[in-house]
Amino acid sequence: MSFERFMERGRSMIIAYDHGIEHGPTDFNDRSADPQYIMDIAEGGHFNGIALQKGIAEKYYDGRIPLILKLNGKTEMVKGDPISRQNCSVEYALSLKAKAVGYTIYPGSTYESLMLRTFGRIQEEARKYDLAVVAWIYPRGEAVKDDRTKEVIAYAARIGLELGADAVKIKYTGNPETFSWAVRVAGKAKVFMSGGPKAPTDEAFLKQVEGVLQAGGTGIAVGRNVWQHSEPLKMAKALRSLIIERRGLADVLEQLK
Ligand code: FBP
């Protein structure tokens, strides 16, 4: 199966850097504004994949890490129920040497049907080229009162399975007990935690990752908690120890000191 390229010993850690469109440069400092800085972290930190928009991939991607090319994106400037429309084709992703395509769906938005329809089409196109399909699934919009409950996150995970995603990137519910239901209903779709804003401490972030793994999740697909870190390679090493090498959290925290 095409997603195997992103897996290592049954787990995976992916670095995301599409924030320049989703949030704008407000997420960056002088170092992280440079896409080359993130490419070097991805390689030096031995990530299993990197998620980029096409403009960054065209100018900076050098093939060192398997690429997930995002096919849609939106800015934060427009308020109201979100819609993220396709801005890149599956064929173009292939020409940029992507090994997977990524697509964000906002279930609960008034516009969800448009995103579901487009996802259906790109999923079928991706299959023709043996490209894996990763779904960012973030329940959002007027109808979604709380986007982190057990049921809402599990719903997000299941939508990915139903639509034919190889992997789903979802928010963490906050504890392994509730997150394990999302993993359960995702079936054979791999479940990745989306990181969120940088956690106050390394321990707080690694505890979330530990919870995802305890729940049976495959790993993480995160950005800010890595490249906003003062020492990203140190954080990457800790993540590798926890996720891929399956070392205990106490051990990993000791190593981080
Ligand atoms: P983080 O780990 O930095 O949260 O990145 C994960 C991600 O899904 C990015 O790929 C994306 O740019 C961002 O979060 C979108 O975040 P949101 O829509 O929740 O503000």
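The values are calculated or read from the model by the stated rules, or taken from the named source; none is laboratory data. As the structure is a computational prediction, the values presented were derived from the model and not from experiment. Backbone-built Cβ (ideal geometry, glycine too); neighbour counts: all protein chains shown. The area values use the complete protein model at the heavy-atom level, side chains included, leaving out ligands, DNA and RNA. Shrake-Rupley method; radii C 1.70, N 1.55, O 1.52, S 1.80 Å.
Would you mind stating whether G55 is of a type outside the set (D, E), within 20 Å of Y17 (Cβ to Cβ), open to solvent by less than 60 Å² (accessible area, probe 1.4 Å) and outside any loop (DSSP other than H, G, I, E, B)? Walk me through how you get there before you give the answer.
Working: of a type outside the set (D, E): yes; within 20 Å of Y17 (Cβ to Cβ): yes; open to solvent by less than 60 Å² (accessible area, probe 1.4 Å): yes; outside any loop (DSSP other than H, G, I, E, B): yes.
Here the answer is yes, as G55 does meet what is asked.
Using the structure shown, decide if R240 is modelled with pLDDT of 95 or more, part of a loop (DSSP other than H, G, I, E, B), open to solvent by 20 Å² or more (accessible area, probe 1.4 Å) and under 25 Å from S2 (Cα atoms).
Details: modelled with pLDDT of 95 or more: yes; part of a loop (DSSP other than H, G, I, E, B): no; open to solvent by 20 Å² or more (accessible area, probe 1.4 Å): yes; under 25 Å from S2 (Cα atoms): yes.
Criteria not met by R240.
Might you check whether a residue that is touching a Lys or Arg at 6+ places or on another chain (Cβ under 6 Å), under 16 Å from V133 (Cβ atoms) and surrounded by fewer than 20 Cβ atoms within 10 Å (Cβ to Cβ) occurs anywhere in region 32-41? Let's see the steps before the verdict.
Narrowing region 32-41 to residues touching a Lys or Arg at 6+ places or on another chain (Cβ under 6 Å): 37.
Of the ones still in play, those that are also under 16 Å from V133 (Cβ atoms) are none.
Checked against the condition, which is being touching a Lys or Arg at 6+ places or on another chain (Cβ under 6 Å), under 16 Å from V133 (Cβ atoms) and surrounded by fewer than 20 Cβ atoms within 10 Å (Cβ to Cβ), region 32-41 yields no hits at all.
Are any residues in region 6-25 within 11 Å of the ligand (Cβ to nearest atom) and either within 16 Å of G195 (Cβ to Cβ) or buried (at least 19 other Cβ atoms within 10 Å of the Cβ) (or both), and if so, which ones?
Of the residues in region 6-25, the ones within 11 Å of the ligand (Cβ to nearest atom) are 14-24.
Hits for region 6-25 are I14, I15, A16, Y17, D18, H19, G20, E22, H23.
Just for region 64-74: of the residues that are outside any strand (DSSP E or B) and buried (at least 16 other Cβ atoms within 10 Å of the Cβ), which one is nearest to the ligand (Cβ to nearest atom)?
Step one: list which residues in region 64-74 are outside any strand (DSSP E or B), which gives 64-66, 71, 74.
Then drop every residue that is not buried (at least 16 other Cβ atoms within 10 Å of the Cβ), which leaves 65-66, 71.
Values: I65: 15, P66: 16, L71: 13 Å.
Checking each candidate, the answer is L71.
Note down all Cβ pairs under 9 Å where the first residue falls in region 218-235 and is under 19 Å from G24 (Cβ atoms), the second is among the acidic types (D, E), and they're at least six residues apart or on different chains.
G223/D18; G223/D27; R224/D27; N225/D202; W227/D27; Q228/D27
Going through region 87-111 one residue at a time, which ones are part of a helix (DSSP H, G or I) and touching an Asp or Glu at 6+ places or on another chain (Cβ under 9 Å)?
Narrowing region 87-111 to residues part of a helix (DSSP H, G or I): 90-95.
Passing the criteria: V90, E91.
Given the conditions (1) farther than 21 Å from I153 by Cβ; (2) over 18 Å from the mean Cα position of the chain (by Cα), report the number of the one that G108 does not fulfil.
(1)
Per-residue answers, yes or no, for (1) touching a residue at least 24 places away in the same chain (Cβ under 8 Å); (2) in a helix (DSSP H, G or I); (3) hydrophobic (A, V, I, L, M, F, W, C):
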{"position": "A51", "(1), (2), (3)": "yes, no, yes"}
{"position": "K59", "(1), (2), (3)": "yes, yes, no"}
{"position": "D62", "(1), (2), (3)": "no, no, no"}
{"position": "E76", "(1), (2), (3)": "yes, no, no"}
{"position": "P82", "(1), (2), (3)": "yes, no, no"}
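If you check V252, V226, which single one turns out to be assigned to a helix (DSSP H, G or I) and within 14 Å of the ligand (Cβ to nearest atom)?
Values: V252 fails: within 14 Å of the ligand (Cβ to nearest atom).
The match here is V226.
Looking only at strands (runs of 3 or more DSSP E) that lie completely in region 122-204, which have at least 1 residues being more than 14 Å from the ligand (Cβ to nearest atom), surrounded by fewer than 23 Cβ atoms within 10 Å (Cβ to Cβ) and modelled with pLDDT of 95 or more?
Details: elements: 132-137, 167-170, 190-194.
Ranges flagged: none.
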